[in-house]
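Structure first, commentary second.
The values are calculated or read from the model by the stated rules, or taken from the named source; none is laboratory data. Just so it is clear, the structure is predicted and the values come from calculations on it, not from any experiment. Counting neighbours? That spans all protein chains shown, and the Cβs are built from the backbone with ideal geometry, glycine included. Quick note on the areas: whole protein, heavy atoms, side chains included, nothing else; ligands and nucleic acids left out. Shrake-Rupley method; radii C 1.70, N 1.55, O 1.52, S 1.80 Å.
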Amino acid sequence: MDLGKLSKERKYVSDVTLSDEGKKVTVAGWVYDDRDLGKVRFIVLRDVSGELQVTGVKGETEEKIFKLMGGISRESAVVIKGIVKKSPKAPGGRELFPSEIDILSKAEHPLPIDVSDFSKTELPKRLDYRFLDLHRKRTQAIFRIQSTLMQGYREFMVGEGAIEANFPSIIGSSSEGGTELFKAKYFEKEVYLSQSCQLYKQMVACAMEKVFAVFTVWRAEKHNTIRHLNESRQFDFEMAFADEFVAMDYLARSLQFAVKKIIEKNSKELELLGIKLKVPTTKYMTFKEANELLKKHKVETSPNDLTGEGEKKLGELFPDVIVFVHDWPLEGKTFYIMPKGKDLSCGFDAIYKGMEISSGGQRIHLPELLTERLKAKGLNPKDFTSYIDSFRYGAPPHAGFGMGVERLTMVMLELNNIREAVMFPRDRDRLTP
Ligand code: AMO
């Protein structure tokens with residue numbers, strides 16, 4: 001098969017319309033379905049754009065082609081040439097009468113998972129065969145929407161004059177202060193996989209003002225939960241001459257922009273997934289106000305963090321709203337968050353559709369205060385020397401946020417498990433594919 005010629009000749013099936021009636025077209029894709037009615041044989045060909053019915057009729061279709069149509073295994077990759085005919089009964093009102101069929105790659109059977117739209121294969125098994133699961137319309141819809149989400153975030157940030165940056169994935173000390181670090185060997189040293197690009201995005205913002213990234217992070221969370229991954233992606237943002245309210249405003253507008261784009265571009269996918277997405281509005285409340293509200297609704301609260309139940313309740317009380325919970329207790333935030341008085345901080349969490357999707361805040365840009373806070377958190381300032389020193393030479397106040405890409409996809413599309421929102425998840429047990 002001359003693939004160069006094919007790529008020039010080929011029509012995506014959604015571009016095959018009634019205006020092609022009587023014309024010869026070349027299409028390529030996978031055999032999604034087939035039916036043999038004796039005298040008539042059907043193949044439903046699926047490519048990235050949609051589906052096309054291919055119809056063979058005994059006595060009319062060349063015998064060799066008609067025979068072949070009865071024996072192509074589902075999900076085999078094929079190229080088909082044929083004449084477009086009007087067919088009111090076929091999807092899209094047209095069908096293809098084949099004159100040539102080339103099987104480029106035969107799918108072995110039985111297929112290890114059911115890839116039909118009504119597949120009942122359980123998630124772990126689907127993930128074992130993710131390459132095949134990606135043939136499913138539902139799975140494709142999720143990742144098309146995620147792709148628009150990422151595009152939307154980038155487009156918004158570029159429009160705001162932020163520069164996209166890349167950061168190291170190998171770090172010498174913790175960036176979040178927690179213990180959930182993956183250790184790795186790096187020549188004679190012990191290093192860690194990046195938990196976030198926190199310290200680096202701050203350094204860049206202090207020189208270039210607005211910076212954003214879509215950054216992969218690793219967290220050694222020991223427990224397998226439906227909302228945690230060991231490898232995930234974050235939409236990061238950092239901005240100089242800004243406090244946490246400026247950061248919240250950028251977060252809200254970036255998400256609103258991306259959701260609007262999804263609604264415009266992915267209506268088909270949203271419909272397939274049964275999701276009615278609305279551009280979210282915003283609501284701001286202090287941590288104290290949030291806990292008072294939750295207590296009123298008899299939801300369990302905790303002194304330094306929102307409980308899972310609390311997040312869920314906020315989602316119920318404020319559907320399609322990004323709830324910003326600010327003035328967070330200092331005790332509940334990490335070392336780099338700017339204190340606000342003795343007990344509070346300039347940190348916030350964003351709750352959307354019942355789950356934390358982001359956290360952020362104003363950062364400490366004062367070396368002495370940073371040293372003090374590191375000590376208060378039981379960390380050794382010596383491990384953070386280059387980070388602390390970066391604030392000694394005209395570092396302005398700055399703020400930002402990190403927003404989980406998969407977490408966001410999960411809540412937006414009402415997925416039951418975050419693993420649905422990542423093509424190749426990494427959790428405690430899963431390293432392949
Ligand atoms: P934080 O640790 O809260 O903050 O992470 C930010 C957001 O990233 C997502 N997230 C995760 N998603 C899936 N699996 C995980 N294990 C996981 N961990 C985090 C969540 C979370 O809200 N540097 C700060 C952000 C900042 O202040 O700029 C940070 O990483 O949606």
Here is a check on your reading of the model: is T17 over 29 Å from the mean Cα position of the chain (by Cα) and surrounded by 17 or more Cβ atoms within 10 Å (Cβ to Cβ)? no
Consider the range 291-320. How many of its residues are touching a strand residue (DSSP E or B) at 6+ places or on another chain (Cβ under 7 Å), more than 19 Å from R407 (Cβ to Cβ) and not polar (S, T, N, Q)? 1
Would you tally the residues in the range 323-345 being open to solvent by 10 Å² or more (accessible area, probe 1.4 Å) and part of a loop (DSSP other than H, G, I, E, B)? 8
Within the range 195-210, restricting to residues that are among the charged types (D, E, K, R) and open to solvent by 10 Å² or more (accessible area, probe 1.4 Å), the one that is farthest from the chain's Cα centre (by Cα) is E209
When you go through K353, K288 one by one, which is the residue that is under 25 Å from M410 (Cβ atoms), modelled with pLDDT of 95 or more and open to solvent by 50 Å² or more (accessible area, probe 1.4 Å)? K353
What number of residues in the range 418-433 are touching a Pro at 6+ places or on another chain (Cβ under 9 Å) and open to solvent by less than 60 Å² (accessible area, probe 1.4 Å)? 3
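Taking the condition of a type in the set (G, A, S) and either within 12 Å of G400 (Cβ to Cβ) or free of Cβ contacts under 8 Å to residues at least 24 places away in the same chain (or both), does S196 pass?
Details: of a type in the set (G, A, S): yes; either within 12 Å of G400 (Cβ to Cβ) or free of Cβ contacts under 8 Å to residues at least 24 places away in the same chain (or both): yes.
The answer is yes for S196.
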When G172 is run through (1) of a type outside the set (D, E, K, R); (2) open to solvent by 10 Å² or more (accessible area, probe 1.4 Å); (3) within 14 Å of the ligand (Cβ to nearest atom); (4) modelled with pLDDT under 95, the failure sits at (3)
Of (1) out of contact with any strand residue (DSSP E or B) (no Cβ under 7 Å at 6 or more places or on another chain); (2) more than 14 Å from E289 (Cβ to Cβ), L330 satisfies every one except (1)
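Looking at L408, L413, L370, can you tell me which residue is aliphatic (A, V, I, L, M), surrounded by 18 or more Cβ atoms within 10 Å (Cβ to Cβ) and in contact with a Pro (Cβ under 9 Å, 6 or more places away or on another chain)?
L370
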Okay, strands (runs of 3 or more DSSP E) sitting entirely in the range 29-139 with 3 or more residues that are over 30 Å from L431 (Cβ atoms) and among the β-branched types (V, I, T), I get 40-47, 50-57, 77-86
Residue pairs, Cβ under 6 Å, 6 or more apart or interchain, first in the range 361-379 and assigned by TED's automatic domain parsing to the domain that holds D327 and assigned to a helix (DSSP H, G or I), second away from the ligand (no atom under 15 Å from the Cβ) and open to solvent by 40 Å² or more (accessible area, probe 1.4 Å). List them. P367/R392
